Amino acid sequence: MWATPSPPLPLRLRRPPGPPPRPGPFLTRHRRRLNRISASQDPLSTLSRLLWGRALPPAQLVLAVRHGWTAAWQVLMRQLAPSDPATGAFTRTPSRFPAVVGTPSSRLHLYVGLPCPWAHRTLVVRALLGLEARLPVSVAVPGDDGAWSFTPDSPDGLYGKRRLREVYAVRSGGFEGRASVPLLWDAERREVVCNESIEIIKYLCGLADADGGGGGGGGLDLWPSELRQDIDRWYGVIYPSVNNGVYRCGFAQSQEAYDAAASELFGALDRLEAHLASSRYLCGDRLTLADVCLFTTLIRFDLVYNTLFRCTRRKLAEYPSLHAYTRDIYQMPRVADTCDMEAIMAGYFKTLFPLNPGGIQPLRPASCDGESLLRPHGREALPSAAGTPLEAAAVS
């Protein structure tokens, strides 16, 4: 038989006597660079420095990322803020339950989100009319995906649900669409009463009347029959140009759409400034729902809309009458308690990812702190402009 050959001996290279050779200057610099890079905890930084060092990224990469981000931004914005495909102008989705139908039961529950100006309207009216005991409230918070959710610190006080969408789904017909706030809910019938803010606050005024003056509202009537026509006319100015106008600026998807929205917004603010220079409130010396609807946008103006929504021509603090008017309403009993500035800022800067991808929240403007908002407003001395036609105020 053939003998099995022995395995070959391992190859051994003999190192010449003396110390090992030192690497050349190029290899030394390369090793030092790799060591510094490997010490980084950020893999993206490590990769980018390996590819192009401390130089700017290549032009092709910049263009590719820019086009990719623009496409992703457009997809996100179409879901967050639908727009007119032809103009890029923001088009608000109509409320699914825009009016109170029939006669709700006496067991009502209000769902709100503190950042939302539309929900804030309902909280201000609830506070002014003293309806806190009559109308319990649950506060939803924006989740990481932007959906209204509940947390252990801010629970659903009625059903213990985790998301507002689940509350909507309790209704007998189920629910599809956007789960928005405010939501006025009939707890006895397990049904949506309304989720359109202007109709909810009108309904709350009627609820206060039925309760004999709002149970602590001091007989305040925010929706008096003799002023309803004026209130509706003012709302016809405030809603499209100011309340929705700031969103039309922030969510515009073309330069032309933004320019048109910003021009209309600041034109309306200029006219409101002129009117309020001689009238304490929009309808004279009586606070009405029109003032509440304007207030919840103004209190957010310098806080978020001026920067995040690019409403930059002027700050609210640069309008003497409008800023004093905002302070006047803020200082009314229980109104300040509805204004959570930290929640408002977080709800915009940390949630509206397409507008602020880094989630960085800026410092609160000095005009929006408690000391500034509690400064005397001096508007008690203004004459009443009740009965002044809107045409005379240049806001028709």
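The table that follows gives values for the structure above.
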| item | result |
| --- | --- |
| Calculated FRET efficiency for the pair Glu318/Asp144, C-beta based, R₀ 45 Å, to 0.05 | 0.80 |
| Length-normalised contact order for the stretch 224-396 - Cα pairs under 8 Å, 6+ apart - percent | 29 |
| Distance between modelled label sites at Ala381 and Val137, nm, 7 Å Cα→Cβ extension | 3.4 |
| Reachable lysines from Lys161, criterion Cα separation under 26 angstrom, eight or more residues apart if same chain | Lys350 |
| Pairwise label distance in nanometres, Thr93 with Asp285, each label 7 Å out on the Cα-Cβ vector | 4.6 |
| The stretch 257-367: C-alpha gyration tensor shape, a/c 1.5 cut-off, then a/b vs b/c | oblate |
| Inter-site label distance for Asp153 and Leu51 at 7 Å from Cα along Cβ, in nm | 3.8 |
| The stretch 96-222 shape via C-alpha gyration tensor axes, a/c threshold 1.5 | prolate |
| Estimated FRET transfer efficiency (Arg66, Arg364; beta-carbon r; R0 35 Å; 0.05) | 0.65 |
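Values quoted throughout were computed directly from the atomic coordinates according to the rules given, and no laboratory measurement underlies them. What you see is a predicted model, and the numbers here were worked out from it, not measured in a lab. When we count neighbours, we look across all protein chains shown, and the Cβ atoms used for this are built from the backbone with ideal geometry, even at glycine.
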